[in-house]
1. Just wondering, is there one or more residues in the range 144-154 that are of a type in the set (D, E, K, R), closer than 23 Å to residue 101 by Cβ, in a loop (DSSP other than H, G, I, E, B) and out of contact with any Gly (no Cβ under 6 Å at 6 or more places or on another chain)?
2. Looking for something surrounded by fewer than 20 Cβ atoms within 10 Å (Cβ to Cβ), over 16 Å from the mean Cα position of the chain (by Cα) and not basic (Lys, Arg) - is there at least one such residue anywhere in the range 80-88?
3. For a quick check of your reading: which strands (runs of 3 or more DSSP E) sit entirely within the range 79-126 and have at least 2 residues that are in contact with a Gly (Cβ under 6 Å, 6 or more places away or on another chain)?
4. Just for the range 181-217: of the residues that are touching a Leu at 6+ places or on another chain (Cβ under 6 Å) and in contact (Cβ under 8 Å) with a residue 24 or more places away in the chain, which one is nearest to residue 154 (Cα to Cα)?
5. Within the range 40-48, does at least one residue satisfy the condition of being under 17 Å from residue 172 (Cβ atoms) and crowded, with 21+ Cβ neighbours inside 10 Å?
6. Looking at residue 118, is it at pLDDT 95 or above and either over 28 Å from residue 70 (Cα atoms) or small (Gly, Ala, Ser) (or both)?
7. Would you confirm, using the coordinates I've provided, whether residue 155 is surrounded by 13 or more Cβ atoms within 10 Å (Cβ to Cβ) and more than 19 Å from the chain's Cα centre (by Cα)?
8. How about the range 159-169: which of its residues are surrounded by fewer than 18 Cβ atoms within 10 Å (Cβ to Cβ) and either aromatic (Phe, Trp, Tyr) or on the phi > 0 side of the Ramachandran plot (or both)?
Amino acid sequence: MAQSSFFFCILALGFFFGVSYAFDPRPLQDFCVADLTSTVRVNGLPCKDPATVTADDFFFRGFKSAGNTSNQYSSSVIPMNVARVPGLNTLGLGVARLDFLPGGYLPPHLHPRGTEILIVLEGRLEAGFVTSYPNYKHYSKILESGDAFVIPVGLVHYFRNLADKNTVAFGVVNSQNAGISVVSNAIFGAKPAISSDYLSKAFQLDKKIVEELQSKF
């Protein structure tokens, strides 16, 4: 089963590669390996001299093992992004390995610049998202090995492990910098802080509860 799930993952990733240009601008050359030392600020990263490009610029070995799940979420995210693989620059793609201990989760969050496909390799994971105003409809599925689920761009979503063992999944986004905003951190952990008087009215909560929440983020 593990082998078939691996091949399913490869096929799904291959399909996503084909549509990944739907969001980031299409590249104008074969590749544009990022020059991580450049101080130039553009929409993306400047290219380094093609004569200095090597196979290592396109290589990543970070998915072999689980990440550190010793945290409040009992989960980890190992990103494969331009900072780690400069060859991804301008290719409109990002990948991450997700590991969850039993009961582990990722809190409600969103990616403002990318659609995500979640692919479960091992375990059992609930994935869900909520649509925008005016309906705020909740869509969720329980995914098992070999299953995949699409998270539309910009929508709040979450993942949680329902298995009594570790769960492993991969997330693929159609942007080299999809961004991430964790809802609770954005609201209660903003710097400088959002007025607790305002938040108590906006969320219809006692001000002391709001202040307690703000102290946690």
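The values are calculated or read from the model by the stated rules, or taken from the named source; none is laboratory data. Here the structure is a predicted model, which is why all the values come from computation and not from measurement. Cβ atoms come from the backbone with ideal geometry, glycine included; neighbour counts cover every protein chain shown.
1. Step one: filter the range 144-154 for residues of a type in the set (D, E, K, R), giving 144, 147.
Narrowing the set further to residues that are closer than 23 Å to residue 101 by Cβ leaves 144, 147.
Filter again for in a loop (DSSP other than H, G, I, E, B), leaving 147.
Of the ones still in play, those that are also out of contact with any Gly (no Cβ under 6 Å at 6 or more places or on another chain) are 147.
Yes, the range 144-154 has at least one match.
2. Within the range 80-88, one or more residues are surrounded by fewer than 20 Cβ atoms within 10 Å (Cβ to Cβ), over 16 Å from the mean Cα position of the chain (by Cα) and not basic (Lys, Arg).
3. Details: elements: 94-100, 105-110, 116-122.
Passing ranges, in order: 94-100, 116-122.
4. The initial filter retains those residues of the range 181-217 that are touching a Leu at 6+ places or on another chain (Cβ under 6 Å), namely 181, 188, 210.
Those still in the list that are in contact (Cβ under 8 Å) with a residue 24 or more places away in the chain too: 181, 188.
Values: 181: 10, 188: 20 Å.
My answer is 181.
5. As a first pass, look at the range 40-48 and keep what is under 17 Å from residue 172 (Cβ atoms): none.
No, the range 40-48 contains no residue that is under 17 Å from residue 172 (Cβ atoms) and crowded, with 21+ Cβ neighbours inside 10 Å.
6. On the way: at pLDDT 95 or above: yes; either over 28 Å from residue 70 (Cα atoms) or small (Gly, Ala, Ser) (or both): no.
Against the criterion (at pLDDT 95 or above and either over 28 Å from residue 70 (Cα atoms) or small (Gly, Ala, Ser) (or both)), residue 118 does not qualify.
7. On the way: surrounded by 13 or more Cβ atoms within 10 Å (Cβ to Cβ): yes; more than 19 Å from the chain's Cα centre (by Cα): no.
No.
8. Result: no residue meets the conditions.
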